[in-house]
Amino acid sequence: MDFNHYNNDGFYDEMFAHDGKPRPACKALFERLQSLSEGDLVRYQQSAERALYNMGITFRVYKDNESVDQIFPFDIIPRILGDREWRRVEKGLIQRITALNLFLQDIYNEKKILKDRIIPKDVVYSAASYRPECEGLTPLHGIWCHITGTDLVRDGSGNLCVLEDNLRCPSGASYVLENRRVMMNTFPKLFSDLRVKPVSDYAGKLLDMLQYVAPESSYTPTVVVLTPGIYNSAYFEHSFMAQQMGVELVEGRDLVVFDGYVHMRTTTGFQRVDVIYRRIDDDFIDPLTFRSDSILGVPGLFQVYKEGRVTLANAIGNGVADDKVVYAYVEKMIRYYLDEDPILPNVPTYLCWQPGDRSHVLENLDQLVVKAANESGGYGMLVGPHATQAEREAFRARIVANPRNYIAQPTLELSRVPVICGDHLEGRHVDLRPYILYGRDIYVLPGGLTRVALKKGSLVVNSSQGGGSKDTWVVMDSGTSDGTQPAETPHA
Amino acid sequence: MLSRVADAIYWMNRYMERAENTSRFIGVTLNLMLEQQDNQFNQWGSLVQVTGDYDLFVKRHGNDTSMEKVVDFLTFDLTYPSSIYSCVRAARENARSIRESISSPMWEYINRLYIKVSEQARHGTPAVLDAQSFFTDVLLAGSLFNGITDNTMSHNEAWNFSLLGRMLERADKTSRMLDVKYFILLPSLQDVGTPYDELQWIALLSSASAYEMYRKRYGRIDPRNIVGFLVLDPGFPRTMLHSVTQAEISLHQISGTPLGTYSNLAEQRLGQLRSELAFSSADDIISRGLHEFIDSFQNKVNDVDEAIFKTFFELRPMPSGE
């Protein structure tokens, strides 16, 4: 594979430094790729795609009245992180989750941070995802953010910043595990030479954490995964995680509340459930407390939860910390609760409810990214420089009508990685979503999911918007192998 | 285990077994057609009768029971819920909803089978000779899937629900095939021994993969022995008695109730059905009338299925007044 025509185009490239030389941690990968012919690489790519297809790691699309299963686009060239940088990311994430967890406990209980006027009261209470029902509630062990999938991006100079915290139901960890399985078949030799940090123990860590947060510790708690069902786009992940942990995957209709506990309906009668790893949003989880039209949830669940007789992971009410206006205050939270400087910075954020910020945003719509405060998944978003005049005007009207609901950020020059485009390589923009588990201690899955915007020039990496994924390798910075590269063939 | 999961496992296996049987029936009929000297008799119409869905076929295709129409109906017609494609799709949908309860190799195998059948469906019905290999593949897929199930999954409650579904489906299908074919051959009973009839009887045995094993047991082709074999042989894995006996063993493994006793409606009904078969003889059955016998057998299999649903799968309301 010839890299002569590969160009950084002035962006920070994950594989190549500005002088065009491979970064130290990427040297072995670079040499391996160079030793392959274009045909080999395309063949490896196709065999990886076929493996994912046969494994049924697919989602369903409907066209011409026919449903077709498609795999999530996957690119076999891994994204590599050196371990020195990774250790800093890990520390930064642990610091951030610790502070966010303290924040959630605080605002639903003592509200010190509001009383000390570090964050304006109105900002918290006006967040659409703030749940007054959780006032006075302390989840078991005081843990709110059991599973987090933080989105990190690089700014133009290559510094990793936090773009979103995702403390509700972050998805994607299953793709990390399955992508890795495919990659180990695709590049077995390279893999063992580089001693890539393993990810396969994630399900075990997840189960340990879920058992740790169970209401009582005198017996082995019953853990289940709660899914909206097979039509949910993340269904594969729900079933994969349940399978890997060896626990039941339940739907709302499998669960019933009586005698103050949650039970599941089994072939031999009712069985008590202690911990629910729920992949249903707050709004739909209990029609008696939240949206009464929900048919996915479990009537009466919230009451049992409130009385401490079942654990929900993640906790209800976390969404308030995902609100994009509240996000802007996370650095302040870290200083306030931990008395530390943030290790991972936020992306600079303009808050449209503040008049000064608002006029700056309205004057610079063609340069900024505007986001709705309570949306995720790449929805409700304006990428100013790529938008039409009409789209910008539509957002202007929305901001003026409801300033609380909008924030703006500079258009980041997200870093790029090489991806296979036909018979050659081109740079595409990526982010990084590491996964963090908060139980007895805080564990960060090495690497995480690299999401890549496959459309040329696009900055939107979400799978719902044409994004794909890559395996992420955390390797020693020296990135050495012995330099000899015997031919290897994928096992697939 | 969850009632919903038990239900899905049971049906996943019934659908896989159904697809396998339909492939076998079509494969055998294709063979028969190639061997048949003249077109004195249309095999394809009787094949539709075996399914019990003749009316549905007539609604779609009228009385045109040509090979093309029948094979397409039984194989690829997604509006017909028991076509091979429909069955494999339903089996996969069930598997998809319980991926966490079955083993990964089971899921991957069923997924690959679905991909294969749906790709074939897009290309349309293959020509007769190519069709042979397609139907052989689907037929083998059933056994491969059962083998993967046996070898990669604990022989626990879920596994017993698999076997229960598979065996009840098999008992039903063997009985249907016997019923229809016997009925067709009956008028010419006195002519048994003509080469053509012999082929027909062999085809009937092959429809249950039973031809070779029948020869070992009885040697000569004889209608009374064939009935005896397909209904009552305890050792051959596709006979009605064997299937029902295996189903009963699994049902008792699930509840832990000793064989010979019962603790729920499903066990009671299945126990009655098994004893009735086990203590019959081929002569009894033929003198009572084979068709009546099989008709009543099929109704009882349906009753067992209904009792299994009520006992294990139905979503019970929460206990009231507690």
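The values are calculated or read from the model by the stated rules, or taken from the named source; none is laboratory data. None of the values given here were measured: they were computed from a predicted structure. Methodologically, a virtual Cβ is constructed for each residue, glycine included, from the backbone with ideal geometry; neighbour enumeration extends over all protein chains shown. Ligands, DNA and RNA are excluded from the accessible area calculation, which covers all protein heavy atoms including side chains. Shrake-Rupley method; radii C 1.70, N 1.55, O 1.52, S 1.80 Å.
What is the ratio of the Cα radius of gyration of segment B:155-315 to 2.2 N^0.38 Å, with N the residue count, to two decimals?
1.10
With the Cα gyration tensor of segment A:164-205 in hand, give its eigenvalues times 5 under a square root as the equivalent ellipsoid semi-axes, listed largest first in whole angstrom.
Value: 25, 11, 10 Å, ordered largest first.
Of all accessible surface on segment B:27-172 at a 1.4 Å probe, what whole percent is carbon and sulfur?
49
Report, in listed order, any pair from A:Lys371/A:Lys470; A:Lys91/A:Lys115; A:Lys91/A:Lys332; A:Lys91/A:Lys197; A:Lys197/A:Lys470 with a Cα-Cα distance greater than 20 Å.
Beyond 20 Å between Cα atoms: A:Lys371/A:Lys470; A:Lys91/A:Lys115.
How large is log10 of I(q)/I(0) for chain B at q = 0.09, 0.13, 0.16 Å⁻¹ when the intensity is taken from the Debye formula with one equal scatterer per alpha-carbon?
One equal scatterer on each Cα of chain B leads to -0.47, -0.99, -1.44.
Which three extents, in whole angstrom, do the alpha-carbon atoms of segment B:1-153 cover along their principal axes, largest first?
54, 29, 24
Give me the Debye-computed log₁₀ of I(q)/I(0) at q = 0.20 Å⁻¹ for segment A:350-410, equal point scatterers on Cα only, no solvent, two decimals.
-0.63
Write out the trypsin sites (Lys or Arg not before Pro) in segment A:365-457 meeting two conditions: DSSP loop, and at most 15 other Cβ atoms within 10 Å of their Cβ.
A:Arg440, A:Lys455, A:Lys456
Give the residue list of GluC sites (Glu not before Pro) in segment A:192-250 that are DSSP loop and have at most 12 other beta-carbon atoms within 10 angstrom.
Those satisfying the criteria are A:Glu216.
From the gyration tensor of the Cα coordinates in segment A:254-323, what semi-axes in whole Å does the equivalent ellipsoid have, largest first, with each one equal to sqrt(5λ)?
21, 13, 11
Under 27 Å from the Cα of B:Lys116, which lysines turn up, not counting those fewer than eight places away in the same chain?
Leaving aside lysines fewer than 8 places away in the same chain, those within reach of B:Lys116 are A:Lys63, B:Lys69, B:Lys173.
Checking buried surface per residue: for segment A:249-292, which residues lose a minimum of 30 Å² accessible area in the protein assembly relative to the chain alone (1.4 Å probe)?
Those are A:Leu249, A:Arg253, A:Asp254, A:Phe258, A:Asp259, A:Arg265, A:Thr266, A:Thr267, A:Phe270, which lose 30 Å² or more relative to the chain on its own.
Quick check: the distance between the Cα centres of segment A:335-362 and segment B:109-169, to the nearest angstrom?
58
Which translational diffusion coefficient, to the nearest whole µm²/s, is obtained for segment A:143-295 from the Stokes-Einstein equation, given a Kirkwood hydrodynamic radius over C-alpha pairs, 4 °C and 1.567 mPa s?
It comes out at roughly 72 µm²/s.
Name the shape class, rounded, prolate or oblate, that the alpha-carbon gyration tensor gives for the protein assembly as shown, where a ≥ b ≥ c are the square roots of its eigenvalues, rounded holds for a/c under 1.5, and otherwise prolate holds if a/b is larger than b/c and oblate otherwise.
prolate
In Å², what does the accessible area per residue of the protein assembly as shown work out to with a 1.4 Å probe?
Here the residues of the protein assembly as shown average 41 Å² of exposed surface.
To the nearest 100 Å², how much accessible surface do chains A and B cover up together, summed over both, with a 1.4 Å probe?
2900
Please give the residues from segment A:18-56 for which the solvent-accessible area of heavy atoms, probe 1.4 Å, is smaller by at least 50 Å² with all protein chains in place than with the chain isolated.
Residues of segment A:18-56 that lose at least 50 Å² of accessible area once the other chains are added: A:Asn54.
When averaged across all projection directions, what area in nm² does the alpha-carbon convex hull of segment A:60-171 cover?
Hull-based average projected area comes out at 12.4 nm².
Please report Rg over Rh for segment B:68-218, where both radii come from the alpha carbon positions and Rh follows the Kirkwood definition.
Using Cα coordinates only, the ratio equals 1.02.
What Kirkwood hydrodynamic radius do you get for segment A:291-415 when you take the inverse of the mean 1/r over all pairs of distinct Cα atoms, in Å?
17.0
Can you pull the Kirkwood radius for segment B:237-322, inverse mean 1/r over Cα pairs, to one decimal in Å?
14.3
Loop by DSSP (not H, G, I, E, B), at most 16 other beta-carbon atoms within 10 Å: where is the longest site-free stretch of chain A for chymotrypsin sites (Phe, Trp or Tyr not before Pro)?
A:4-218
Count the DSSP beta bridges whose two residues both fall in chain A, then state the antiparallel fraction as a percent rounded to the nearest 5.
The antiparallel proportion sits near 75 percent.
Step through the residues of segment A:113-119 one at a time and calculate ³J(HN,Hα) from phi using the Karplus curve (6.51 cos²θ - 1.76 cosθ + 1.60, θ = phi - 60°), rounding each to whole Hz and writing x for Gly and Pro.
Result, ordered by residue: 5, 7, 5, 7, 6, 7, 10 Hz.
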